[in-house]
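Below: the structure, in structure tokens.
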Number of protein chains: 6
Amino acid sequence: MQRVDGRKHNELRKINITRNYIYHAEGSVLIEFGNTKVICTASVDDKVPPFRKGTGEGWVTAEYSMLPRATQVRNVRDINKLKLNGRAYEIQRLIGRSLRSVVDFKSLGERSIIIDCDVIQADGGTRTASITGGFIALMDACSYLLDKNIITEMPIKNFVAAVSVGIVHENKLLDLCYEEDANATVDMNVVMTDSGQLIELQATGELSPFSRDDLNQLLNMAEKGISELISIQKNILLKG
Amino acid sequence: MQRVDGRKHNELRKINITRNYIYHAEGSVLIEFGNTKVICTASVDDKVPPFRKGTGEGWVTAEYSMLPRATQVRNVRDINKLKLNGRAYEIQRLIGRSLRSVVDFKSLGERSIIIDCDVIQADGGTRTASITGGFIALMDACSYLLDKNIITEMPIKNFVAAVSVGIVHENKLLDLCYEEDANATVDMNVVMTDSGQLIELQATGELSPFSRDDLNQLLNMAEKGISELISIQKNILLKG
Amino acid sequence: MQRVDGRKHNELRKINITRNYIYHAEGSVLIEFGNTKVICTASVDDKVPPFRKGTGEGWVTAEYSMLPRATQVRNVRDINKLKLNGRAYEIQRLIGRSLRSVVDFKSLGERSIIIDCDVIQADGGTRTASITGGFIALMDACSYLLDKNIITEMPIKNFVAAVSVGIVHENKLLDLCYEEDANATVDMNVVMTDSGQLIELQATGELSPFSRDDLNQLLNMAEKGISELISIQKNILLKG
Amino acid sequence: MQRVDGRKHNELRKINITRNYIYHAEGSVLIEFGNTKVICTASVDDKVPPFRKGTGEGWVTAEYSMLPRATQVRNVRDINKLKLNGRAYEIQRLIGRSLRSVVDFKSLGERSIIIDCDVIQADGGTRTASITGGFIALMDACSYLLDKNIITEMPIKNFVAAVSVGIVHENKLLDLCYEEDANATVDMNVVMTDSGQLIELQATGELSPFSRDDLNQLLNMAEKGISELISIQKNILLKG
Amino acid sequence: MQRVDGRKHNELRKINITRNYIYHAEGSVLIEFGNTKVICTASVDDKVPPFRKGTGEGWVTAEYSMLPRATQVRNVRDINKLKLNGRAYEIQRLIGRSLRSVVDFKSLGERSIIIDCDVIQADGGTRTASITGGFIALMDACSYLLDKNIITEMPIKNFVAAVSVGIVHENKLLDLCYEEDANATVDMNVVMTDSGQLIELQATGELSPFSRDDLNQLLNMAEKGISELISIQKNILLKG
Amino acid sequence: MQRVDGRKHNELRKINITRNYIYHAEGSVLIEFGNTKVICTASVDDKVPPFRKGTGEGWVTAEYSMLPRATQVRNVRDINKLKLNGRAYEIQRLIGRSLRSVVDFKSLGERSIIIDCDVIQADGGTRTASITGGFIALMDACSYLLDKNIITEMPIKNFVAAVSVGIVHENKLLDLCYEEDANATVDMNVVMTDSGQLIELQATGELSPFSRDDLNQLLNMAEKGISELISIQKNILLKG
């Protein structure tokens, strides 16, 4: 099977990361996974949630949203429906957990970093782009805190990146674009560290159940993709 | 390590399913996983969502909520915060996807079944109890439609059940109670069919990344638990 | 006239009260008035409303809600309409006033008790069941505070219970079930103490005005019913 | 005991009704019970609620609100809290039921009349002023429909008015002003027709239970007040 | 062209200001611009917004709303739509800015004055009536603070009033009523002080662009009207 | 006085317009006024608001929002406050009116075009950039409709652009950046067509009233700026 954009089954889309994209934010990137474009900003806040108060430890949280015309059909803004949609809740909770997994909250100290992921153009994989780009924004915000001597130690313990894999017309594919995603019978999002450990795994076979063997093959493919994404992250950060 | 309630590592809690618990509903159960108690009702509705209109196919959706004092500390009701909390959104989307995976929507015809899962007492595993109990309520609602000759064929293709597994103090455990869940470094919810296929897999290692090997051992344990839950479901339904 | 369930005009439905129904709560019951089933929990909270702060006196408040399928036709959840419905507001204010009327707030001290009344199956009389059952939950929460030496004196001064009466096809009936309630031209809810005093009286003749004489006959019937309900409450509490 | 404004125990405050107060509305009054001032408008709407559609019968509903500075301390507007307060819900449901009780919905035909009661200055008794004034607005809206030949028969079957009574420092008083109301141990709102029948009775003894004898004496007093209010209504309407 | 109500092109409607209209408020008026009637109250509040805390300076803010039947067609209340409508937001921000422009916040001290403008009958020009009447309420609230020795100096530096002007069927008109406003191609609201300076100018030619020359002629007309309104304000305040 | 960024008093910031920025939308630009960056998309919708139904005429409306970190201090998202902020309402109404003023709704036919203006980086002048950029997006959406033969005539009658002017430390300045805006005593937004006519004029002197002479000088400066902006628009569109 030929993929819609001519890629190989286990090939990522073109990844582009523009650092310092929003000059107000302590960390910010425009990340592109092919046609998917997400602005990720990291904002440092002196406050922590109630359960952290007085512990000396910080917190990292995420918010995810789409511009109304990030998609083929325009979406009514959440505020006009007075509801954050369920999908956005699910995704921002995933982003938050993924990024927190690599943070040493003692080193961060009693402050929060909020990662805002705003999709300006969507073509599949917005949550994995958000995690991968959000990580760079988070790193840059931590470097900012180090540079200003607000903290004394880099609180990020590992690199983290995410990618989607899925089964489309019985083919296992890496980094699905929207058209592929819409035809996938099995859809899986994988978050891993640079030490090859799993952070999050969300697999769904709503349209067709899948076997343990399928799972393993998809995980192999995801490992390859994430390892490439982490190389890109490392290159970008090295350029400083 | 001794589990807090004396169970073996791969042992389910006592499972109890009371059918026809709410006499208004087309299907309803009170399901208990130990101290966790959830009322699941299945309501037949003549309407379908816009994307199903005119297709001749039906839909299954789920809603999940907790009574304010289902937990140790009382929760403010969503309506008093004017927000459905993110956790509930995430869970009800999971329940909906899981149950839809075993439904033949052509046989169901252009109607909806709404599965309401209301937790009256929570002690860990409320989402897996909701899926396992929601399946029985769904079956009973479909039997009701068959009995009334509204449909001519049972639209349920497979049994489906769910269980949690996790790593607590480096022990891999099946069906975590709240105290275990609060101490888990890795937490995983698994949904499978009676043919041993995976439907959903949500694993999170926010507090500690995990290896592919950990994943496989946890999946083995989940398979055992789900197979026992499906036996219980089958016995209950046989009793008619 | 024969009543739909064969009862005498001045006969209560079968009343069932299961104490300690939710193990997290300081007080809790499942109360059944025939097919009407309500879970009432009493939660102790260290905070008081602003108008009580610094007074040394406590507060009791109530919340009332129905599960979506507690009724013949499924109700959309309040949170999905972003509105607590007017009927629920009216009922929870009634429950709160009724229970507060028998509390000595000095003895309770500067803390709140929140009575949650969640209807899991509705067949008429949910508000009177909520008051009657909420009273037991309130008593149990106060006993808990006494046992823990948090307070030194039982703050409950009287027993309180409630019942509905109404005129259906010109018959005066006690404790209306849903079908009777739907056909009532006059509908009245009465709350009284064990000393035979009135706490609340809400009578409505929207479909047919009523005379002072009707009112007196209905009150006689309600007095009888409430006196029986208070006997049941006393027996339950004696069993400890 | 001397009343704060020098009235006799069973004396109404000065009642003032200005008809046609808002020139856009089909019916409208400014009603004053002493310092309590309420604008009541009646708006004819071609639509009916879903449960009336196709029945040929109409509907009457009410909404109640206060201007922010109708009270001694300014109230935050509901819209800024995103919640209609429970008290307003309770009151507008009472006004709606009271006015519907005297309407022949067949004669009204399949249309709605909405009674808006907006309190511009509050000094106790706002709900009873709303019912008493809302009735005149409703009558005028019906006369408008008759005059325009939209309906052929006056759909109002009886006059209806309302008054508060209560026990203050052990004195039974008619038509309580705010200061009296704030000190009442028993508070009761009574709605009656010109044929001396009861429509609604809401009595609350939150601060002190009351006897059947107290109830009867308060009802006698209310009957007297309502009969005077209905005389005033009749005079106003005669003047055309 | 004859105006609909027979006025000259540059003639105001009959202006009526009733002071001390709501006896609870520190300042209050009923202001009438012809058939347009607005209740303006000024409420003193000890709190200030966060950006004023600790500065020793006060704040003035405004809220604007319409009763449902202030207009020809009844408006659904904001609370029932859970949204303050955009028009109200725009107007209340204009009123707030206009009144703040003449206040010396040092003299006012660290407290707020909230101006509530509630339109009870609308016939065009509600925002200009709100500013003109709100100013009197504000003055009276400041006099109240002076009289009570809460402040020592009148914090109002200038008089301020507002009027609408517009182009209707190519005629430039002062103080448009609703029917004129609905036919205006250019619509302009002007706020000025008694020293002839401009505070706010909002001109819109949505239906037809306009020239600099049109603008100047309309401003001349507005100046005349505002000067007359300020005379009326001064007379009213002199009468004490 | 030297401007903060070295510009002359009557000099625009560097203007950059990137067309076809979001590939899903019928029209879209990224517009930059110096550091201010706004994404404007134009979405064609088959529906029209109720007041247009059956008229054969179309509608243009606008929505305006900021990403949370578009500003120096992060803003809480509207959806998390459940309120669209008043400033956004005011701005989106201005954008809508401005763009509608140059549309021939007969030629557009009974369809809507929604202009979404999402500020990704704010440095003053976001509303004027939104109007100026929104116009290009609107033009491109209309060209799309022409190209697809959905309409037969270009419905845009004139070019329209907007700019801010203001008085800062007694200097009259064109196109204020944030730092200038924060220090302005008079602030004015002007919208004009390519034929030199005014569409909208919003001037506010909250901190210091201004004279007719000030107004005229500011308008002269705005005219110059808008004429340059319209030249840029024309060049961009010529490049096609």
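The values are calculated or read from the model by the stated rules, or taken from the named source; none is laboratory data. Computed from a predicted structure; not experimentally measured. FYI the Cβ positions are ideal-geometry reconstructions off the backbone, even for glycines, and counts take in every protein chain you see. We work out accessible area using only protein heavy atoms, side chains counted, and drop any ligands, DNA or RNA first. Shrake-Rupley method; radii C 1.70, N 1.55, O 1.52, S 1.80 Å.
How well do other chains shield peptide A:85-92, expressed as the mean number of their Cβ atoms within 10 Å of each residue Cβ?
On the way: counts 2, 8, 3, 3, 9, 7, 1, 1.
Whole-number average of other-chain Cβ neighbours for A:85-92 is 4.
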At 7 Å out from Cα toward Cβ: F:Glu153 inter-copy label distances (nm, ascending): 5.6, 5.7, 6.4, 7.4, 8.8
List of segment E:114-161 residues, accessible area with partners at least 10 Å² below that of the chain alone (1.4 Å probe): E:Ile114, E:Asp116, E:Asp118, E:Ile120, E:Gln121, E:Ala122, E:Asp123
Dipole of segment F:15-238, positive direction: furthest Cα of F:Asn220, F:Leu146, F:Val44, with charges on the beta-carbon: F:Val44
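Need one value for A:208-216: mean number of C-beta atoms belonging to other chains within 10 Å of its residues' C-beta atoms. Please list the in-between numbers first.
On the way: counts 3, 14, 4, 4, 7, 0, 2, 5, 3.
That works out to 5 on average.
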Within segment A:35-78, backbone nitrogen closer than 18 Å to the virtual label 7 Å beyond the Cα of F:Gln72 toward Cβ: A:43-46
Label distances, nm, A:Ala182 versus same residue in remaining copies, Cβ-directed 7 Å point: 4.5, 4.5, 4.5, 4.7, 6.5
Cβ-vector label at 7 Å, A:Asp213, separations to other copies in nm: 2.4, 8.7, 8.7, 9.0, 9.1
Residues of segment F:1-54: accessible area per residue with a 1.4 Å probe, Å²: 49 Å²
Span-like helix ranges in chain B, DSSP H, alpha carbon extent 27 angstrom or more, Kyte mean at least -1.0: B:126-147, B:212-238
All lysines inside 24 Å of B:Lys14 as judged from Cα atoms, apart from same-chain residues fewer than 8 positions distant: B:Lys37, B:Lys172, B:Lys224, B:Lys234, B:Lys239
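Sort E:Asp213, E:Asp181, E:Asp118 from largest to smallest accessible area, using a 1.4 Å probe on the heavy atoms of the protein chains. Let's see the in-between values first.
Values: E:Asp213 95, E:Asp181 60, E:Asp118 5 Å².
Final ranking, largest accessible area leading: E:Asp213, E:Asp181, E:Asp118.
Rounded, prolate or oblate, given the Cα gyration tensor of the protein assembly as shown, with a/c below 1.5 counting as rounded?
Working: a/c = 1.68, a/b = 1.00, b/c = 1.68.
Note, shape of the protein assembly as shown comes out oblate.
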Per the axis that maps chain D onto chain B, nearest residue of D (Cβ criterion) and its distance in Å: D:Leu82, 3
Peptide-level mean, for F:17-25, of C-beta atoms on other protein chains within 10 Å: 4
Estimated FRET transfer efficiency when R0 is 41 angstrom, pair E:Phe51-B:Gln2 (beta carbons, to 0.05): 0.10
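Give me the one-decimal Kirkwood hydrodynamic radius in Å for segment A:1-75, with the sum taken over alpha-carbon pairs. Numbers along the way, then the final one.
Details: mean 1/r = 0.0631 Å⁻¹.
About 15.8 Å, per the Kirkwood formula over Cα pairs.
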GNM top mover of F:Asp187, F:Asp123, F:Asp45 - chain F, alpha-carbon springs below 10 Å: F:Asp45
Surface accessible to a 1.4 Å probe, per residue, for the residues of segment B:66-126, Å²: 28 Å²
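If I compute solvent accessible area with a 1.4 Å probe over the protein chains, what percent of it on chain B is carbon and sulfur?
Values: 4160 of 8930 Å².
Roughly 47 percent, rounded to a whole number.
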Sequence-separation-based contact order of chain A, relative, with Cα cut under 8 Å and 6+ spacing, percent: 21 percent
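Under the classification rounded if a/c is under 1.5, otherwise prolate if a/b is larger than b/c and oblate if not, where does segment D:1-144 fall, given a ≥ b ≥ c as square roots of the Cα gyration tensor eigenvalues? Provide the component values of the computation, followed by the final result.
Numbers: a/c = 2.10, a/b = 1.53, b/c = 1.37.
Prolate.
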Accessible surface buried once C binds B (1.4 Å probe; total of both sides; Å²): 3000 Å²
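Assigning unit charges at the beta carbon (Lys, Arg +1; Asp, Glu -1) and nothing else, what dipole magnitude in debye, to the nearest 20, does segment E:15-238 show about its Cα centre? Before the final figure, lay out each step's value.
Working: 23 positive and 29 negative charges, 133 e Å.
With Lys and Arg at +1 and Asp and Glu at -1, about 640 debye.
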